[in-house]
Amino acid sequence: MTFDFTAREFLAALFMLGGAIFFLASAIGMMRLPDFYSRIHASGNSETLGCMLSFIGLMIYEGATLTTVKMALVFIIVFLANPIGSHILSKAAYKSGHKVWTLQDLKKEEDEDADLHH
Amino acid sequence: MVAPIAVADNLFRRKVVTVEKQSVLHDKSIVGSPVVHLVGMAVVLFAFWMILSGRTEVKFIVYGILTSVVTSWITYPLLLVPNKDGSKKFFVFGISLPKLLKYSLWLLWQLVLANIDVAKATTSQELDIDPKVVRFYFRSENPMAAVVLADSITLTPGTVTINVTDDGLFEIHALTKGAAAGVLDGSMQEQVAKLFGEKLDFAVAEGEG
């Protein structure tokens with residue numbers, strides 16, 4: 001078995017794999033978390049590290065060119081814009097009176113379910 | 001830093017965008033030197049131009065210098081935010097670069113730690129979460145400090161700034177126990193206060209979950 005890739009490509013792939021794992025964790029969180037506010041954490045925020053690792057991987061793969069600097073700029077803009085999106089969504093939900101789900105609600109739901117089975 | 005809407009619409013209520021009759025260069029209420037701000041902004045814009053264009057012919061460089069100078073001159077009055085009583089004006093990007101770099105590195109490290117924490121909590125067999133709203137007060141003379149703090153908290157995984165009021169009450173939705181404790185221990189508030197060279201004015205507010 002031969003390996004026809006350089007050490008740099010291997011390192012880049014490693015970083016991108018790490019990024020993909022965090023994106024996957026983010027997607028899993030999106031499916032599993034109970035309410036709107038917690039899902040915002042999954043959709044908006046868990047991506048930050050995934051995005052960071054993916055971009056580092058891409059920058060290593062590209063090497064020292066102008067494209068790398070442009071990628072760094074895109075990465076910075078994502079970092080500045082991402083929290084604003086999350087904040088606007090959560091603020092809109094909060095102002096329109098969306099209730100925050102807590103562990104007490106979980107207990108209540110479980111009690112109600114227990115009643116149903118009787 | 002780009003302003004989150006919570007703070008931005010508060011600023012607009014205080015009428016930030018007022019047309020000055022006197023030149024901004026002679027405005028004594030601006031903190032720092034307007035000339036330094038203008039030159040710094042033009043240099044950053046020109047660097048951005050060069051990165052995007054990547055061409056070094058004289059024609060393009062001259063275009064770049066002209067557009068960056070004109071852009072910074074036109075937008076400078078719009079990038080001044082007044083403090084609460086309106087006696088001082090702060091330049092939005094008037095943060096010292098070494099301090100900003102130090103803060104960014106610290107924030108990146110916090111991001112990595114918090115993200116691993118949240119990824120663990122959401123992918124573990126039993127969802128290890130405790131979502132609730134935590135509240136604290138953070139007051140600063142420079143309105144940008146509130147913006148940077150709200151932005152940093154939202155950027156950190158596990159915490160989202162839901163609301164910021166005029167009197168400096170921050171309402172944060174925290175996903176896990178660790179995230180809630182991380183917001184309330186005041187380390188990020190301390191770093192932000194240090195970044196803007198202000199005294200830390202921070203208090204945890206009591207509130208229901």
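Pairs of Cα atoms under 8 Å, at least six residues apart: use those to get the relative contact order of the stretch B:97-205, whole percent.
Over the stretch B:97-205, the number comes to 33 percent.
Where in the stretch A:6-48 is the amide nitrogen less than 18 Å from a point lying 7 Å along the Cα-to-Cβ axis of residue A:105?
Of the residues in the stretch A:6-48, A:29-44 have backbone N under 18 Å from the label point off residue A:105.
Below 18 Å, Cα to Cα, which lysines can residue B:177 reach? Residues fewer than 8 away in the same chain don't count.
Partners within reach: A:107, B:120, B:132.
Round to the nearest 0.05 the FRET efficiency obtained for residue B:127 and residue B:47 when R0 = 41 Å and r is the Cβ-Cβ distance.
0.35
Normalising by the residue count of chain B, find the relative contact order in percent from Cα pairs under 8 Å and 6+ residues apart.
22
Based on the mean of other Cβ atoms within 10 Å per residue, sort peptides B:69-75, B:137-143, B:55-61 so the most packed one is first.
Those peptides, ordered most packed to least, come out B:137-143, B:69-75, B:55-61.
If Lys and Arg each add +1 and Asp and Glu each add -1, what is the summed charge of the other residues whose beta carbon sits under 15 Å from the beta carbon of residue B:47?
Numbers: positive: A:70, B:55; negative: none.
The answer is +2.
Residue by residue through B:52-59, how many Cβ atoms from other chains fall within 10 Å of the Cβ on average?
1
Given R₀ = 45 Å, FRET efficiency for residue B:33-residue B:206 by Cβ-Cβ distance, to 0.05?
Here the calculated transfer efficiency is 0.55.
Please list, or write none, the aspartates and glutamates whose alpha carbon is within less than 13 Å of the alpha carbon of residue B:89, excluding same-chain residues fewer than 8 places away.
Once the sequence-local aspartates and glutamates are set aside, what remains near residue B:89 is B:20, B:27, B:141.
Would you kindly derive the ³J(HN,Hα) couplings of the stretch B:188-202 from the backbone phi angles with the Karplus curve 6.51 cos²θ - 1.76 cosθ + 1.60 (θ = phi - 60°), listing them in order in whole Hz, with x for Gly and Pro?
5, 4, 5, 5, 5, 4, 5, 4, 9, x, 10, 6, 6, 10, 9
I want to check the label-to-label distance for residue B:116 and residue B:93. Put each point 7 Å from Cα in the C-beta direction and report it in nm to one decimal.
Using points 7 Å along Cα→Cβ, the separation is 3.5 nm.
Assuming a ≥ b ≥ c are the square roots of the Cα gyration tensor eigenvalues, decide whether chain B counts as rounded (a/c under 1.5), prolate (otherwise, with a/b larger than b/c) or oblate.
oblate
Taking Cα pairs under 8 Å and at least six residues apart, what relative contact order does chain A come out at, in percent?
28
Values quoted throughout were computed directly from the atomic coordinates according to the rules given, and no laboratory measurement underlies them. In this text the structure is predicted, and so the values were computed from the model without any measurement. Don't worry about glycine lacking a Cβ; one is built from the backbone with ideal geometry, like all the others, and counts go over all protein chains shown.
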